[in-house]
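Asks: Here you go, one structure.
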Amino acid sequence: MISSLTISVYTVHLFALLVALLPVSVSGKQAHSGTVVYADTLGRAPRLTTWLTGDSTDVQPKTTGGTVLMGGSKDVDAAFRWMIQKSGGGDFVVIRSSGSNGYNDYIYTQLGGVNSVETIMINSRMLADDPIVAQKIRNAEALFIAGGDQANYVNFWKGTKVQEAINYLGNIKHVPVGGTSAGCAILSEIYFSALNGTVTSAEALANPFSQSLTLGRNDFLHMPMLQNTITDMHFDERDRRGRLITFLARMNMDWHIKPRGIAVNERTAVCIEPDGTARVMGAGVAYFVTQNKKNGGPEQCKPAQQMHWLRGQQALNVQAVQGTATGTGTFNLTNWTPGAGSIQQYWFVDKGVVGKKP
């Protein structure tokens, strides 16, 4: 029995194009392997590596849009099945800038129900601007962005054909788009870019304008229902409440908006329907956080000074939703109101110390 996994390695040079695609039969299905060469007089050769499992024939089933925000660590099977169902059984593409092809077997063999799974390694701006790469993404019926380092995703993909292709899938073609960990961080309109490294809660609370606290806004990915919103992952596991509150304070101070945040624990996923219903799947909790009052921004948010956002110990209105196998706990992102299973909390910062009620 021949394995259904085909590894396609493209050696990419600039300027002239030579395409040599050699069709071969893999497990009774048509797959392709070959080399694409762009001649470069300097002899440089960035390589594009893709891994394809399943049928290479492009299919075009009917799809339904949606967004998955996954909190990292162990993947949430129910969230991937949700994406597969919305993909209509089409071609599932995974993109990343490091790592390997672990999602291929997981999605194609363990979960099943798709025509193919292709993982694409996009680890340079040259590859991110390659029309072949962009077309592979545009042909997808589901797209997932793996974990890694969101600074690489920003540096490699922002302002390229890959960025355009992802936004096309989410807003025009209407297919499910998801990400985990760093792949989730870049899906919201406002995002922590980590261009100067990560930032801890303690660092952010001590200095809200730390050089490590780098935020981007409305210049990268534009997934539905995530306007004026930032995401954070590995949330309780890495004690990120203080840094999320600081992110929200900066959003208020820098852009004069009523900020929103979605924080997701590990082994947990928020699956957003086209109508704005967010279903929380998995083993952990997701938090939907917003400034409590329109004019209730932080009392103190200045460089090299401790964060202070008290507002009567009700600075931030929080809805905590426990994940389940079927996503019975919900939140409405259209009007930012609680749904089934939501538990209200208030978060605040008292001279650099995070508090919670109840």
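The values are calculated or read from the model by the stated rules, or taken from the named source; none is laboratory data. All of these numbers come straight from a predicted model, not from anything done at the bench. Every residue, glycine as well, gets a Cβ built from its backbone with ideal geometry; the counts of neighbours run over all protein chains shown. Keep in mind that these areas ignore ligands, DNA and RNA; they rest on the heavy atoms of the full protein, side chains included. Shrake-Rupley method; radii C 1.70, N 1.55, O 1.52, S 1.80 Å.
Asks: Quick check: from the Cα gyration tensor, does region 218-263 come out rounded (a/c under 1.5), prolate or oblate?
Replies: Cα axes put region 218-263 in the oblate bin.
Asks: With just the Cα atoms defining each centre, how far is region 153-193 from region 243-295? Give it in Å.
Replies: Going from one Cα centre to the other spans 17 Å.
Asks: Here is a further query. So how much slack lies between residue 238 and residue 357, counting 0.36 nm per residue of separation and subtracting their Cα-Cα distance, in nm?
Replies: Additional length available on full extension: 40.8 nm.
Asks: Report the full-extension gain for the segment residue 125 to residue 77: residue separation times 0.36 nm, less the Cα-Cα distance, to one decimal in nm.
Replies: Here the answer is 14.1 nm.
Asks: How much length is gained if the chain between residue 62 and residue 47 is pulled fully straight, taking 0.36 nm per residue apart and subtracting their Cα-Cα distance, in nm to one decimal?
Replies: Fully extending the segment from residue 62 to residue 47 adds 2.1 nm.
Asks: Would you list, by chain and number, the aspartates and glutamates whose Cα falls below 16 Å from the Cα of residue 136, excluding same-chain residues fewer than 8 positions away?
Replies: Hits, sequence-local ones excluded: 55, 58, 91, 118, 164.
Asks: For region 182-244, with every protein chain kept in place, what is the accessible area per residue (1.4 Å probe, Å²)?
Replies: 34
Asks: Follow-up. Once the Cβ-Cβ distance between residue 222 and residue 132 is put in as r, and R0 is 22 Å, what FRET efficiency do you end up with, to the nearest 0.05?
Replies: Numbers: r = 24 Å, r/R0 = 1.07.
Using R0 = 22 Å, I get an efficiency of 0.40.
Asks: Treating only the Cβ atoms of Lys and Arg (+1) and Asp and Glu (-1) as charged, compute the dipole magnitude of the chain about its Cα centre; round to the nearest 20 debye.
Replies: It works out to roughly 840 debye.
Asks: So what's the back-of-envelope 222 nm ellipticity for the chain, counting only DSSP H runs of four-plus at -39500 (n - 2.57) apiece and dividing by all residues, rounded to 500?
Replies: Counting only the DSSP helices, I get -5000 deg cm²/dmol.
Asks: Using the heavy atoms of the protein chains alone and a 1.4 angstrom probe, what is the accessible area of region 85-177 per residue in square angstrom?
Replies: Result: 33 Å² of accessible area for each residue.
Asks: Continuing with the same structure: Measure out, as a whole number of angstrom, how far apart the alpha-carbon centroids of region 313-332 and region 215-238 sit.
Replies: Rounded to whole Å, the Cα centres lie 17 Å apart.
Asks: Next up: Could you tell me the calculated FRET efficiency between residue 212 and residue 283, based on Cβ-Cβ distance and R0 = 35 angstrom, to the nearest 0.05?
Replies: The calculated FRET efficiency here is 0.70.
Asks: Pop out the carbon and sulfur fraction of the accessible area of the chain as a percent, whole number, probe 1.4 Å.
Replies: Answer for the chain: carbon and sulfur cover 51 percent of the accessible area.
Asks: Here's a follow-up. Of 218, 253, 231, which is farthest towards the positive pole of region 203-287's charge dipole, taken about the Cα centre with +1 and -1 on the beta-carbons of Lys, Arg and Asp, Glu respectively?
Replies: The listed residue farthest towards the positive side: 253.
Asks: Explain nothing, just the number: dipole magnitude of region 241-336 about its Cα centre with +1 on each Lys and Arg Cβ and -1 on each Asp and Glu Cβ, in debye rounded to the nearest 20.
Replies: Computed about the Cα centre, the dipole is about 300 debye.
Asks: Can you tell me what share of the DSSP beta bridges in the chain is antiparallel? A percent to the nearest 5 is fine.
Replies: Around 75 percent antiparallel, to the nearest 5.
Asks: Straight-line reach only, C-alpha to C-alpha below 15 angstrom: list the aspartates and glutamates that residue 302 could link to, leaving out same-chain residues fewer than 8 apart.
Replies: Candidates past the 8-residue exclusion: 203, 254, 350.
Asks: In Å, what Kirkwood hydrodynamic radius results for the chain from the alpha-carbon pair distances? The partial results should precede the final answer.
Replies: On the way: mean 1/r = 0.0476 Å⁻¹.
Every distinct Cα pair counted, the radius reaches 21.0 Å.
Asks: Calculate the spin-label point distance for residue 335 paired with residue 300, positioning each point 7 Å from the Cα along the beta-carbon direction, and give it in nanometres.
Replies: Rounded to a tenth, the inter-label distance reads 3.9 nm.
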